[in-house]
Amino acid sequence: MRRLIRWWPLPALILLLIFPWVYRQPYYHVLGFNVLLFATMAVSWNIMGGYTGYKSLGHSAFFGLGAYLVAIAANELGWNPLWSAPIMALVVTVVAMVLGWIMLRTTGSAFVIATIAMLLIFRLLANNLRGITKGAPGLSQPLPPWTPEFSRMPFFYYMLFWLIIALLVSAYIRRSRFGLGLLAIRDDEGKAEMVGVNTTLYKVLAFGASAYFVAVGGGIWSYHATHISPIFAFDIIVGVEMILVTMLGGLGTLWGPVLGAFIYIPAADFILFQFGSSTAHLIILGGLMILILLFLPQGILPTISEWLEKRRTPRAAHTGARSMAEMQTPSGGPEPDTPDTYVSAVKQETS
Amino acid sequence: MTTLLNTTNLARRFGGIMAVDNCSLAVEQGTITGLIGPNGSGKTTLFNLITSVYKPDAGDIYLQGKRITGQPSSQLCHRGLSRTFQITRLFWDLSVLENMIVPVRHVGIRSLFGPGMHRHEEERALHLLERVGLEHMKDQLARKLSFGQQKLLEFAAVLMSDPDIVLLDEPAGGVNPSMIRFIMNLIRSLNKEGVTFFVVEHNMSVVMELCDHIIVLDQGKKIAEGPPNIIQSDPVVLDAYLGD
């Protein structure tokens, strides 16, 4: 049974593959594309924000940069966005690593502010470098060659492909020595440095990796949107939604960002559809987010796994309390609950 | 005897206070050297200078004769110098085994993208965990361990990088007597296997029993050094602890 459960991504993938053929209206194809886009970007953001613990609020900068580079390449060089997106994303990754090398001298909220500043600088550049970006009105690019009624489906499948790649990379990083170092940095950066983790190198590499799939998403989105402008390409809300989605599903987990996107994006769309005319959707969304932070602060997946673990070992909660109690025991006096582990070890050692 | 670690005229000022003042000292290979002194005498600051947490205002640090002043902390671990902290620091949301695997001595770009844990590393980690009696907890999160177990885990993890010298900041701090005894035996047997120790400790009976050589700091200056029995009756040391 356990073994079978491990294969759950396969039926999920099959469902996703047939989805556009079951729901044939373009609306569902666009919604599906958006879900996959945000899932991909959240998986990517999670490498830095979840594994490493550095929460960037400026990842829209890489989204916009990817979008603009792809659009400019399509207009000036005639490069098809579908294959230029992953190439341009490599350029964005290099840019991210250089900027990251500077910004990652800061930690905590200073880092968050630095990333927002980075985003605003890119937006200013997009607005003002009119020769390249055409300024505030934005720039258009050639339409996809396929017929309009069919037009959304290739984007859906292409985005699905990139979500799978992003998940594979995220899973690979998590299992590698590199990922272990990132988790160590999240828990205690000074200690990680002390035990030999080159924290600067690790953080810069993680920042670059987390920019890559966001930039790929931006590139594909720009082709999908056909017209891009600074306010949408460098919109801080895009970055905020990557974070919300990740936190909803479970920060620092492999599948959390995906789950979060599959819940949040359709829900946000539904609420916008129902209440958008009165802008009440913003209030409802904000309220929902507050409720989630209050009652599911760790996100869905960690809460579930903790709950399962508690059911399996009913005394698990007790050990935490005991370690607290032991900390308060004064150093001299004998402890009431000396763990027999080291008592037996003492015997071995002294005999 | 060869000198493993030494400092020359090391100094560090915090505002108006000389935390470490013109401090020259040496730790000989194969010894257990103690570092004692009243509260605020600069012991932990000295450790932080040696391990590059702070940069010294003046002076140099040498490891096996090579200058290591200002080297990034992460490099020192790969050169054979490790430390523990006064207040136990672990990777709380990683498992016991993972806590052991993070500090290993050789990590290059190639192994960076290799698997998180190699077979030989896991075997070594389990062997060390067995030595401190934690092998049955290898899959627990570090935060779930008791205080004493956390302290042992930090100690065992430091040994994973196969250090030549270990700086211990209060190994007996806050733990019960049977545990102190256990930690002392562990230090001794590791010392016999060739690991040099440099130990800050407040518990005098532990220091006197454990150390071959003791260095005394007061107000950032080295005021005495020598074998335990001499230090114990040194009037300068007694004065620093009890005087004015």
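Coordinate-derived values only; no laboratory data. It should be emphasised that the depicted structure is a prediction, and the values quoted were computed from it without experimental measurement. Here Cβ is always computed from backbone atoms with ideal geometry, including for glycine, and neighbour counts include all displayed protein chains.
Can you list residues from other chains, or at least 5 along the same chain, whose modelled amide H is less than 5 Å from the amide H of residue B:37?
B:217
Taking R0 as 60 Å, what's the FRET efficiency between residue A:98 and residue B:209 from their Cβ-Cβ distance, rounded to 0.05? Write out the running numbers ahead of the final one.
Working: r = 55 Å, r/R0 = 0.91.
Working from the Cβ atoms, E equals 0.65.
Of the peptides A:191-200, A:214-223, B:57-66, how do they stack up when ordered by the mean number of other Cβ atoms within 10 Å, highest first? Don't skip to the end; give the middle numbers.
Numbers: A:191-200: 23.1, A:214-223: 29.4, B:57-66: 15.3.
My ranking of the peptides, most packed first, is A:214-223, A:191-200, B:57-66.
Rounded to the nearest 0.05, what FRET efficiency do residue A:12 and residue A:128 have when you use their Cβ-Cβ distance and R0 = 56 Å?
Working: r = 45 Å, r/R0 = 0.80.
Using R0 = 56 Å, I get an efficiency of 0.80.
Simple spin-label model, 7 Å along Cα-to-Cβ: residue B:123 to residue B:202 in nm?
Once both label points are built, they end up 4.3 nm from each other.
Mind jotting down the distance between the C-alpha centroids of segment A:81-123 and segment B:21-53, whole Å?
After rounding, the separation between the Cα centres reads 42 Å.
Rounded to the nearest 0.05, what FRET efficiency do residue B:75 and residue A:120 give with R0 = 35 Å and r taken as the Cβ-Cβ distance? Could you check? Walk me through the numbers before you get to the answer.
Numbers: r = 36 Å, r/R0 = 1.04.
The computed FRET efficiency comes out at 0.45.
Which value, in debye to the nearest 20, gives the size of the charge dipole of chain A about its Cα centre, when Lys and Arg are +1 and Asp and Glu are -1 at the Cβ? Before the final figure, lay out the partial values.
Working: 22 positive and 16 negative charges, 103 e Å.
In debye, rounded to 20, chain A gives about 500.
By average Cβ neighbour count within 10 Å, what is the ranking of B:160-166, B:235-241, B:148-154 from highest down?
B:148-154, B:160-166, B:235-241
Please compute the modelled spin-label separation between residue A:226 and residue B:62, points set 7 Å along Cα→Cβ, answer in nm with one decimal.
Distance between label points: 7.5 nm.
Enter the angle in degrees (range 0 to 90, nearest 10) between the Cα long axis of helix A:108-128 and the first principal axis of the Cα atoms of chain A, meaning the one along which they spread out most.
Orientation of helix A:108-128: about 10 degrees from the principal axis.
So for the pair residue A:298, residue B:8, with labels modelled 7 Å out along Cα→Cβ, what separation do we get in nm?
Computed distance between label sites residue A:298 and residue B:8 equals 5.3 nm.
Quick check: net charge around residue B:213, other residues with Cβ under 11 Å of its Cβ, Lys/Arg +1 and Asp/Glu -1? Intermediate results must be reported in sequence, preceding the final value.
On the way: positive: none; negative: B:28, B:212, B:225.
Here the charged neighbours net out to -3.
At a temperature of 10 °C and a viscosity of 1.306 mPa s, determine how fast segment A:1-77 diffuses translationally according to Stokes-Einstein, using the Kirkwood radius over alpha-carbon pairs as Rh; express D in µm²/s, rounded to the nearest whole number. List each step's numbers first, then the result.
Working: Rh = 15.6 Å.
Approximately 102 µm²/s, per Stokes-Einstein.
Subtracting the Cα-Cα distance from 0.36 nm times the residue separation, let me have the gained length for residue B:28 to residue B:86 in nm, one decimal. Write out the running numbers ahead of the final one.
Numbers: separation 58, 0.36 × 58 = 20.88 nm, distance 2.29 nm.
Once the chain is fully extended between residue B:28 and residue B:86, it gains 18.6 nm.
If you take the charge dipole of the protein assembly as shown about its Cα centre, with +1 on Lys and Arg Cβ and -1 on Asp and Glu Cβ, which of A:211, B:96, B:24 is farthest toward its positive end?
Towards the positive end, the residue furthest out is A:211.
Given H placed 1.01 Å from N in the peptide plane, which residues other than close sequence neighbours of residue B:57 have an amide H under 5 Å from its amide H?
Result for residue B:57 returns B:11, B:12, B:13.
Among A:118, A:169, A:289, whose Cα sits farthest toward the positive end of the charge dipole of chain A (+1 at Cβ of Lys/Arg, -1 at Cβ of Asp/Glu, about the Cα centre)?
A:169
Once phi is turned into θ = phi - 60°, what whole-Hz ³J(HN,Hα) does the Karplus curve with 6.51, -1.76 and 1.60 give for every residue of segment B:38-45, x standing for Gly and Pro?
Per-residue couplings from phi come out as x, 3, x, 8, x, 5, 5, 4 Hz.
Mind jotting down a quarter of the surface of the convex hull over the alpha carbons of segment A:1-147, in square nanometres, one decimal?
Working: hull surface 49.2 nm².
Here the figure is 12.3 nm², rounded to one decimal.
With charges set only on the Cβ (+1 for Lys and Arg, -1 for Asp and Glu), what does the dipole of chain B come to about its Cα centre, in debye to the nearest 20?
Details: 23 positive and 26 negative charges, 122 e Å.
That gives a dipole near 580 debye.
For residue B:5, enumerate residues with amide H under 5 Å from its amide H, sequence gap 5+ or separate chain, H modeled in the peptide plane.
Residues meeting the criterion, in which the H sits 1.01 Å from N, are B:27, B:64.
Peptide B:66-77: average number of partner chain Cβ atoms within 10 Å per residue? It would help to have the intermediate numbers written out before the result.
Working: counts 0, 0, 0, 0, 0, 0, 5, 10, 12, 3, 4, 5.
Rounded to a whole number, the mean comes out at 3.
Return one number: the angle in degrees, 0 to 90 and rounded to the nearest 10, between the long axis of the Cα atoms of helix B:147-159 and the longest principal axis of the Cα atoms of chain B.
Once rounded, the angle reads 90 degrees.
At 20 °C and a viscosity of 1.002 mPa s, what translational diffusion coefficient does Stokes-Einstein give for chain A, taking Rh as the Kirkwood radius over Cα pairs? Give it in µm²/s as a whole number.
Details: Rh = 22.3 Å.
Answer, rounded: 96 µm²/s.
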